[in-house]
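Some notes on the structure that comes next.
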Amino acid sequence: MTEFQHHLGCLFARQFIRENLILRGAYRVTGTETAADSGSVAILSCGKPHPGAALPRGCSRPAPGTGEGRGNVPTGTLRETIYPGPAMKYERVLPDAPLVAGRATEERLRSSWPWAAKDGIDRTMMMDAKTNGEVSFWYADIGGVPGCRKPLPGSIEADVCIIGAGFTGLWTAYYLTEAEPSLRIVVVEKEFAGFGASGRNGGWCTGEFGWNRERYLSTGSREGVIDFERQLRATVAEVKRVTEKEGIDCDFLMTDCLTFAQSPAQWDRLQADHAAAMSWQVPPGRLELIDGPEATSRIRVPNAHGALVRHNVARVQPAKLVRGLADAVERRGVRIYEQTTVTGLEKGRVITDRGTVRAKRIVRATEGFTHGIAGQRREWVPMNSAILVTEPVPDALWDQIGWDGCQLLADASHAYCYAQRTREGRIAMGGRGVPYRFGSKTDVRGQTQPATVEKLKEILFRMLPQTRGLALDHAWCGVLGVPRDWCATAGLDRETGIGWAGGYVGLGVSTSNLSGQTLADLVLDKQTGRTTLPWVNRKPRKWEVEPFRWLGIHGMYQLYHMADRQERAKGGRTTSPLAILANTLTGR
């Protein structure tokens, strides 16, 4: 059995335990989950089960009067054990936890994960984030999670019904009101406007084309793809225009995006990306390659071999943007109903738990939550992404880091990261972490897995080692919609009158603006330069059924992590074939 096959087997077994035992109350997770590429393990300890629940093997109920079960840990305490490597062990006792440890379970899990940390980081000294979840830091930044608008009052009629009050739905409503102010537009939202990725993302408004250009040739021409990319670049200026016109204060700042290469292989990939972009007529003023010393002079990322600079992008505070956009469309007469769950969707009707909306045109703007609508489970998978935010960085530390221009920051590893310097001088570092939950399950109000927090810490310290010792104020996660071919799409079925847009694969802040413009044209039956772009009415095949979907996604990211480790171990001279294998197997 290969290391990769054994790795997948362990992952699947752990997922089975998590879904079938932890959620039934027999197990609880302690400390951190397994960090997929580090070897750091937090043990699952047997807890007090719900009445009548069967105990798994390796656990016992406390003996009467002793308060102890197998493992000799007193009732009311929890032993947290982490194994950062084969010769390291870290334990602490957490008081007032109604759990009983199971030694057999500990040993079984420990023996199933033989790989050790190779980066030298002492995880026993790492700090946890002060806050995990609560939707996102961006809401804490504006005073907390907002209250909810009123739900749908019952069955009503409208000209257009939009499902989802995130960027896609709200931009669509905005441009519809610009074109036809008299339209009766209703937006229904399960939680509150900006609850999903629109209020949790990294705040990158880049106008970037991040998908496979050749793949769009199946639904368009080379000239169409070039025009598609040109219109995407224009969205940054368009978002700026609207925020200024509508008075939306969202910390909008024009800047550059620097993608760093920390090895020769990464530098080769960045040069190849630059060459490919030039061959697709991306303007030379948009992209620039800079060498290692020049890159380091801007942000002091260690081992910099160079960077790809993307000009004319913007940093935003996404929660401010989405909430401001919701207010703007309401001022234009759009009705937003929150706390309203869509239970069915068909021609002319959106069925909810609060009543039915009848409308000639319907727009499904649910992106990473599309799987929750009946009949859409395998359309797009909800891929996880997570962010960690530091305390405000002292001026003396900024002097060590550089980063004076508030540029967006990324790297060219296979398991990439993304970051911004926030308005008040924090660092927000994002990455994939645990990429996907079995059965397309999503997080609970942004709470992310401890394994993901640990991964983000490693990324932060690798990119900016000067930050060791900073307090970590907030961690959270969210989901983004990923189609089977990893390419964004927008369209409208004229037979049913149902439109859609999404599958942005992490590029939604700017792409959703083009979606809104495009969907407004389609809803109003207009033929424009947007409605003929090659992403319009593109429908990739559905994702595989479980467990193949989970195995494929986790397998892909394990290959990426292994590829990054392999490149580091060999001095990063050439790109690992494992990354090429991952792309080939998954069709990315």
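The values are calculated or read from the model by the stated rules, or taken from the named source; none is laboratory data. Note that the structure is a prediction, hence the values are computed from the model and not measured. In this analysis, Cβ positions are derived from the backbone assuming ideal geometry, glycine residues included, and neighbour counts consider all displayed protein chains. What goes into the accessible areas is simple: the full protein's heavy atoms, side chains included, and nothing from ligands, DNA or RNA. Shrake-Rupley method; radii C 1.70, N 1.55, O 1.52, S 1.80 Å.
Residue check: is Ser221 of a type in the set (Ser, Thr, Tyr) and buried (at least 18 other Cβ atoms within 10 Å of the Cβ)? Criteria not met by Ser221. Looking at the range 198-206, is at least one residue of a type in the set (A, V, I, L, M, F, W, C), buried (at least 23 other Cβ atoms within 10 Å of the Cβ), at pLDDT 95 or above and under 23 Å from the mean Cα position of the chain (by Cα)? Within the range 198-206 (the criterion being of a type in the set (A, V, I, L, M, F, W, C), buried (at least 23 other Cβ atoms within 10 Å of the Cβ), at pLDDT 95 or above and under 23 Å from the mean Cα position of the chain (by Cα)), the answer is yes, since at least one residue qualifies. Of all the listed residues (Ala165, Ala173, Ala179), the sole one being surrounded by fewer than 18 Cβ atoms within 10 Å (Cβ to Cβ) and either in contact with a Pro (Cβ under 6 Å, 6 or more places away or on another chain) or touching a residue at least 40 places away in the same chain (Cβ under 8 Å) (or both) is Ala179.
Quick one: would you say His305 is in contact with a helix residue (DSSP H, G or I) (Cβ under 7 Å, 6 or more places away or on another chain) and over 30 Å from Ile162 (Cβ atoms)? Spelling it out, His305 is indeed in contact with a helix residue (DSSP H, G or I) (Cβ under 7 Å, 6 or more places away or on another chain) and over 30 Å from Ile162 (Cβ atoms).
Evaluation of Phe369 against the conditions (1) open to solvent by less than 20 Å² (accessible area, probe 1.4 Å); (2) closer than 30 Å to Phe438 by Cα shows that the sole unmet condition is (1). Pairs meeting the criteria (first residue in the range 215-244 and touching a residue at least 40 places away in the same chain (Cβ under 8 Å) and farther than 22 Å from Arg310 by Cβ, second residue open to solvent by 70 Å² or more (accessible area, probe 1.4 Å) and among the aromatic types (Phe, Trp, Tyr), beta carbons under 6 Å, at least 6 apart or on different chains) are lacking. Only one of the listed residues (Thr584, Thr575) is open to solvent by 30 Å² or more (accessible area, probe 1.4 Å), in contact with a helix residue (DSSP H, G or I) (Cβ under 8 Å, 6 or more places away or on another chain) and either among the basic types (Lys, Arg) or outside any strand (DSSP E or B) (or both). That residue is Thr575. Against the conditions (1) under 26 Å from the mean Cα position of the chain (by Cα); (2) of a type outside the set (Ser, Thr, Tyr); (3) over 30 Å from Cys406 (Cβ atoms), Arg349 satisfies every one except (1). Can you find, within the range 372-412, the residue that is farthest from Asp128 (Cα to Cα) among those that are crowded, with 24+ Cβ neighbours inside 10 Å and among the β-branched types (Val, Ile, Thr)? The residue in question is Val381. Scan the range 517-548 for residues that are open to solvent by less than 20 Å² (accessible area, probe 1.4 Å) and within 21 Å of the chain's Cα centre (by Cα) and the total you get is 1. Checked against (1) open to solvent by 10 Å² or more (accessible area, probe 1.4 Å); (2) charged (D, E, K, R); (3) within 20 Å of Gly478 (Cα to Cα), Glu338 meets all criteria but (1).
The set of residues from the range 452-508 being under 26 Å from Asp525 (Cα atoms), in contact with a Leu (Cβ under 8 Å, 6 or more places away or on another chain) and β-branched (Val, Ile, Thr) comprises just one member, Ile498.
The single condition among (1) open to solvent by less than 20 Å² (accessible area, probe 1.4 Å); (2) farther than 29 Å from Thr341 by Cα; (3) of a type outside the set (Phe, Trp, Tyr); (4) out of contact with any helix residue (DSSP H, G or I) (no Cβ under 8 Å at 6 or more places or on another chain) that Leu152 does not meet is (2). Screening Arg530 with (1) in a loop (DSSP other than H, G, I, E, B); (2) over 19 Å from Gly169 (Cβ atoms); (3) at pLDDT 90 or above gives one miss only, at (2).
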